[in-house]
1. Report yes if S45 is surrounded by fewer than 20 Cβ atoms within 10 Å (Cβ to Cβ), over 24 Å from N226 (Cα atoms) and in contact (Cβ under 8 Å) with a residue 40 or more places away in the chain, otherwise no.
2. What are the pairs, 6+ residues apart or on separate chains, where a residue within region 220-240 that is at pLDDT below 95 has its Cβ under 6 Å from a residue that is surrounded by fewer than 23 Cβ atoms within 10 Å (Cβ to Cβ) and assigned to a strand (DSSP E or B)?
3. Residues in region 300-332 that are among the β-branched types (V, I, T) and assigned to a loop (DSSP other than H, G, I, E, B): how many?
4. Cβ-Cβ distance below 9 Å, separation of 6 or more or different chains: which pairs start in region 257-269 with a residue that is among the acidic types (D, E) and end on one that is surrounded by fewer than 21 Cβ atoms within 10 Å (Cβ to Cβ) and modelled with pLDDT of 95 or more?
5. So, of the residues in region 205-255 that are over 29 Å from T71 (Cβ atoms) and acidic (D, E), which turns out to be surrounded by the most Cβ atoms within 10 Å (Cβ to Cβ)?
6. Among the residues of region 368-411, count how many are of a type in the set (D, E, K, R) and either assigned to a strand (DSSP E or B) or modelled with pLDDT under 95 (or both).
7. What are the residue pairs meeting all of these: first residue in region 440-459, first residue small (G, A, S) and surrounded by fewer than 21 Cβ atoms within 10 Å (Cβ to Cβ), second residue at pLDDT below 95 and part of a strand (DSSP E or B), Cβ atoms under 9 Å, and 6 or more apart or on different chains?
8. How do the strands (runs of 3 or more DSSP E) wholly within region 169-260 filter down when requiring 2 or more residues that are touching a strand residue (DSSP E or B) at 6+ places or on another chain (Cβ under 9 Å) and of a type outside the set (A, V, I, L, M, F, W, C): which remain?
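The values are calculated or read from the model by the stated rules, or taken from the named source; none is laboratory data. Please read all numbers here as calculations on a predicted model, not as lab measurements. Positions of Cβ are generated from backbone atoms using ideal geometry, with glycine treated the same way; all protein chains shown enter the neighbour counts.
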Amino acid sequence: MKTNFGILLAALAATRAAAQQACSVTPENNPSITWSQCSEGGTCSQVTSGLVIDSNWRWTHTVEGYDNCYTGAEWDDSLCPDGETCAANCCVDGADYEATYGITASGDSVSIRLVTENESGTNVGARIYLMESESKYQMFNLLDSEFSFTVDSSQVPCGLNGALYFISMDADGGSSKFPTNAAGAKYGTGYCDAQCARDLKWIDGIANVEGWEGWSPETPDVGIGNMGACCAEMDLWEANNAATAYTPHPCSNNAYHSCTDPNCGGTFSDDRYGGSCDADGCDFNPYRQGNTEYYGEGSGFTIDSSQPITVVTQFHASGGSLSEISRYYIQGGEVIQNSESTVEGNPGSTLDDEFCASQKTAFEEDHNQFVDFGGMAGMGEALANGMVLALSIWSDAYANMLWLDSTYPIDDTGPGAVRGPCSPDNRSPTELVAAHPGATVVFSDIRFGPIGSTYAQGE
């Protein structure tokens with residue numbers, strides 16, 4: 001009897017520890033939007049889906065109280081001496097999306113604000129995902145398909161990034177792989193990307209406390225740990241009102257997987273190219289490709305970023321493998337084809353293996369992880385297996401977003417260094433928060449279906 005009772009207590013304790021990783025001091029009331037699932041011929045049906053904010057933004061506190069497990073950029077050592085103990089002691093809480101995080105949704109539209117003052121302090125940035133159900137993310141199988149959306153980047157200035165992209169997260173946020181992760185997709189767990197993100201508080205169902213330290217004085221609430229979370233990434237829209245780019249990032253293993261420093265690579269590691277994912281990707285930025293009058297504010301540009309823009313991306317397959325990624329835009333009722341590159345030795349207006357190879361040569365880049373990790377075919381495997389849609393607005397403490405809209409590296413005069421018209425000055429996260437607290441990106445009218453189905457003009 002004593003032994004059985006001990007086993008029962010142990011089982012109850014284990015269940016209790018896992019079940020209490022998600023708390024509800026604040027109820028989790030997800031905003032929702034409508035989007036369109038389209039079929040051959042252009043017939044589209046409306047789908048209503050919830051949106052969930054990433055767990056990294058959530059209040060992390062004790063499961064039986066209100067004490068913070070994480071404050072500023074530091075874990076409470078008494079509650080979180082190691083990752084497993086922290087997972088047993090601490091939980092992530094529900095979210096008041098508008099009041100705390102500046103996220104508002106209505107109809108087919110969602111807006112995300114850079115800075116939101118709330119009763120607990122100041123929130124900066126946000127990352128949200130589209131849901132299929134209360135416990136699963138919506139998965140998009142993009143190979144041989146088309147994805148479109150409308151975006152208003154007019155209130156996203158130089159130095160900021162209002163982004164829409166796909167990552168190979170697990171549909172349930174990792175809860176089936178990692179039993180200590182009881183919060184799951186409902187609470188926005190399981191993020192990963194091609195930078196093998198190490199600024200995540202929770203990875204593999206445990207706290208990322210080992211080696212955790214503050215990342216930058218510019219981001220006082222952000223730290224990095226020894227662990228990172230990696231997966232393939234397809235950036236459809238990284239942009240502000242001055243520059244834009246779209247970029248595939250394959251991995252040697254496209255699915256969610258964790259890493260440990262120094263084998264993560266990416267933004268947060270000393271060896272950027274030491275990981276399992278393509279940190280740089282193969283990007284198409286019209287300005288970088290020589291067309292400086294294609295995208296920007298005002299009627300003098302082909303695409304006027306002061307007005308909403310419909311963005312259509314097509315993932316073409318040949319023999320079951322991704323062959324090219326093409327792009328066109330719709331603005332003011334006019335179909336606008338993607339910019340043509342004018343870079344010597346790197347012509348084209350679509351992304352394919354030939355374009356990506358010639359770009360690396362033309363821009364004199366030393367590393368070609370895009371080829372190392374399978375190129376278009378490798379990216380296509382990720383697209384075929386299903387990816388999660390992420391929407392965000394963010395600033396960049398690592399490179400001040402120079403890689404998107406200015407000159408990067410900052411003193412480089414070589415080919416490909418100039419990526420946009422923006423000044424390299426006054427663009428740190430602290431400066432941007434102070435100068436542009438109202439910066440907001442708006443995404444709307446999301447559509448998905450076979451190539452040519454989301455807009456008749458694309459057939």
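1. When the stated conditions are applied, S45 does not pass them.
2. V222/W215
3. Counting residues in region 300-332 that are among the β-branched types (V, I, T) and assigned to a loop (DSSP other than H, G, I, E, B) gives 1.
4. From residues that are among the acidic types (D, E), the pairs are D261/G211; D261/N226.
5. E233
6. Residues flagged as of a type in the set (D, E, K, R) and either assigned to a strand (DSSP E or B) or modelled with pLDDT under 95 (or both) within region 368-411 amount to 1.
7. Between residues of region 440-459 that are small (G, A, S) and surrounded by fewer than 21 Cβ atoms within 10 Å (Cβ to Cβ) and residues that are at pLDDT below 95 and part of a strand (DSSP E or B), there is no close pair.
8. So the answer is 213-216, 219-224, 233-239, 244-249, 257-260.
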